[in-house]
Structures are given as structure tokens and as C-alpha cells.
Number of protein chains: 2
Amino acid sequence: MNKLGLARGEVHLRVSAILVLVLTTCLVAFDTQTKVVFLSIEKKATYKDLGALKILVYVTSAAAGYNFLQLCKHSTWPRKNFQGSYMCKAWISFLLDQMGAYMVFGANTAAVGAAMLAITGSESFQWIKVCDRFTRFCVQVGGALLCGYVASMLMAIVSTISAYNVFRMYSPKWLLRLKTTSM
Amino acid sequence: MNKLGLARGEVHLRVSAILVLVLTTCLVAFDTQTKVVFLSIEKKATYKDLGALKILVYVTSAAAGYNFLQLCKHSTWPRKNFQGSYMCKAWISFLLDQMGAYMVFGANTAAVGAAMLAITGSESFQWIKVCDRFTRFCVQVGGALLCGYVASMLMAIVSTISAYNVFRMYSPKWLLRLKTTSM
């Protein structure tokens, strides 16, 4: 396995991440359920009822877009010698990947925090359990959140590869000094 | 700035992280407010009313304990040559630090997701706004969540240092091959 193998692995991971992110977005955004609550009064549950789900849709779409841009860069960006321009791009990639992974993970976990309340309710706050009524809606959101965690995991692995791409260029003996010869 | 400087920086970061994590735990765990709701019926809001806040208290305590153990290791673990045992410990530190940073960030963000509902309520789910009644309680939780984000940031920086400690040992030319000479 050579350097090209790692680059190909990164591409596979990014493509998988994009697919899972798009799946998450679609599962949440197209999830609606209508129930007759009282006589003929209908109630419709959509992702817009929970702020956290709205944010999740925005963040996963943005993350899918970001990974797509990184893929485009991959196909046009030739590997250069490891000083100067390469380091700058590797650092930017690393920081953006880290931020992306944390953003997706954070948005997903915030949605889990809010969704748990829909399942359990809160007696002391007099919040009723919503999932008793909108069961199918809740199951679909649950599936989307699982997909979201798969996506976060993929993005965390990609950001580890980015960290490897940056830090292996540094000397093991001297702090933050680049290697001068190739080993 | 030499390698010792980085190690000292890591110690400072870990100590700060422990302090902020303990502060977060205390702010959430000792936050209570009692209000007369109807005639003489009293209601008490504590962190136990929201599952996400309970989880946050556990996770921040555990993270503070983990960072303390890492500090103990730092004072007893002499820096060795960079092959074998060092690599194993550096990899374990890196993976644990990554997991720790994601756990604290995730627990904090899940609590934000649930806490936002206490501020905004949800009209379609008939969830009332709790913060109108328990204002001081909510302000203290808000402060705790801010501290939680500071702690996550500190732990993310520590995990970046751990990544640096691992990956600079690898060759820049050959994939996942350790350097054989010191540069």
C-alpha cells in the first residue's frame, strides 16, 4: 500500500460520507406525518417543528457540499514536493475536516438531545410524549440520526487521515520543524 | 521552543480543561430553583428534570477524571526513543483524547439541543416555555454550557497535539512506515 492507496481510500471515504449525508438530509427533510387529534382537527408533524432538526438539515447539506468540493480539489490538485504550498493546503484541509466532523457530530447530537424529549417527555416541565402519537415520524427521524452518526464517524476518519498528511511532514526530534530530507 | 515546551503546553491545557470541566459539572449539578406554581404548590427545577443535563454531568466528570489520569501519566512516563512502546502509548493517548473531545462536545451539544426547547418551547408539540418561569435556573445552565464549549475546545487542541505526537513519527514518503533515522 503506497501513498496513492491512502489518497484513494480518502476518496472512497468522502464519497461514502456524501452518500450518507444526503440520505440523512432526505430522511429528515421529507419526514411528515398527519394525525387527527380531536374530531376533525388535523396535526402535521414535520422537521420544522423542532429547531434542532432544522439545523441538522442545514449542517448535513453543507457538509455534503464541502466533501464534494474536497473531491473536486482531489482530482485537480497534483501532489507536489512537501514544502510550502503543500503544507499550507494540508493544514487548511485538516482544520476544515476537523471543523466539519465536529459540526456534523454536534448537530446530530443536538438533534438526539431534542428527539429524546419527544420520546420520554418531561413530567416536571409538563411536556407530553410526542412519539406516542407520531410513531412513524419518530422512527424515521431515529433512522436519520443513526445515518448521521455513520457520517460523523466517516468524517472523523477522514480528518485523521488529514492529520496524518500534515504531521508526518514534521521532524520527530525538533518541534514544529519540517523534515529536510526525505525518508 | 523545544519538545519540552510542547509537553508543558499540553500539561497547562489539561489542567485548564480539568478546571473548566469541574466548573461545568458544579454549575449544572448544584443548579436548583423553586417556584410557587399554583397557590401553595411548589415546583422545583433541577438538572435531573432533563435527561441531557444528567448525561452532561456524568460525561464532564468522567472527562475531568480522564484528564487527571493523563496528567499522572505525564509525570511518571519518561520520554523514550521513538519506536515500539512510545508509539503504542502515543496511539492510545491520541485515540482516547479524540474520543474524549467528541464525548464532551457531544454531551454539551445534546444539552444545548434540549435546553433550546426550554427557551423556545414547541407550539406544535404543545410544549410550554420553561425558562419564563425558571429564569435563574436557565441562566445558570446557559453559563455551564458555555463553559462546556470552552472545555471541548481545550480538549480538541489537546487531541491535535496528540495527533502531532503520533504522526510526526511516520515517514513523509512511505505510507505508515516509521522513520528510521532522526531528523
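The values are calculated or read from the model by the stated rules, or taken from the named source; none is laboratory data. No experiment lies behind these values; they were computed from the predicted model shown. Cβ: placed from backbone, ideal geometry, glycine included. Neighbour counts: every protein chain shown. Side chains included, ligands, DNA and RNA excluded: accessible areas come from the protein's heavy atoms. Shrake-Rupley method; radii C 1.70, N 1.55, O 1.52, S 1.80 Å.
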Angle in degrees between helix B:51-76 and the longest Cα principal axis of chain B, rounded to the nearest 10: 30 degrees
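Taking only protein heavy atoms and a 1.4 Å probe, what accessible area per residue, in Å², does chain A have with all protein chains in place? Kindly include the intermediate steps, with their values, before the conclusion.
Details: 9110 Å² over 183 residues.
I get 50 Å² per residue for chain A.
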Kirkwood hydrodynamic radius over Cα pairs of the stretch B:3-167, then Stokes diffusion coefficient at 4 °C and 1.567 mPa s, in µm²/s: 74 µm²/s
Neighbourhood net charge (11 Å Cβ-Cβ; Lys/Arg +1, Asp/Glu -1) for A:C138: +1
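From largest to smallest, what semi-axes in whole angstrom does the protein assembly as shown give when each is the square root of 5 times an eigenvalue of its alpha carbon gyration tensor?
Working: eigenvalues 374, 146, 34 Å².
Ellipsoid semi-axes (Å, largest first): 43, 27, 13.
Applying 1/(1 + (r/R0)^6) with R0 = 35 Å to the Cβ-Cβ distance of A:L69 and A:S40, what FRET efficiency is obtained, to the nearest 0.05?
On the way: r = 49 Å, r/R0 = 1.41.
Once rounded, the FRET efficiency stands at 0.10.
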With DNA, RNA and ligands ignored, accessible area of A:H12 (1.4 Å probe; Å², nearest 10): 120 Å²
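Can you sort A:K179, B:K89, B:K73, A:K48 by 1.4 Å-probe accessible area, starting with the largest?
On the way: A:K179 0, B:K89 80, B:K73 55, A:K48 125 Å².
Largest accessible area first, the residues go A:K48, B:K89, B:K73, A:K179.
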Partners for A:K73 among lysines (Cα-Cα distance below 22 Å; same-chain residues under 8 apart left out): A:K3, A:K89, B:K173
23 Å Cα-Cα reach of B:K129 towards lysines, excluding residues that sit fewer than 8 places from it in its own chain: A:K43, A:K44, A:K48, A:K54, A:K129, B:K35, B:K43, B:K44, B:K48, B:K54
Helix A:3-29 axis, angle to chain A major axis (alpha carbon atoms, nearest 10°): 20 degrees
Isolated Cys in chain B, by beta carbon distance under 4.7 Å: B:C26, B:C72, B:C88, B:C147
Positive dipole terminus of the protein assembly as shown, leading residue within A:N165, B:M169, A:V59 (C-beta point charges): B:M169
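Based solely on its DSSP helices, what 222 nm [θ] is calculated for chain B when runs of n ≥ 4 H residues each add -39,500 (n - 2.57) and the sum is averaged over all residues, nearest 500 deg cm²/dmol?
My calculation for chain B gives -24000 deg cm²/dmol from helical runs alone.
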Cα-projected label distance for B:L175 with B:R136, points at 7 Å along beta-carbon direction, nm: 6.1 nm
Accessible carbon and sulfur surface of chain B relative to its total accessible area, %, 1.4 Å: 70 percent
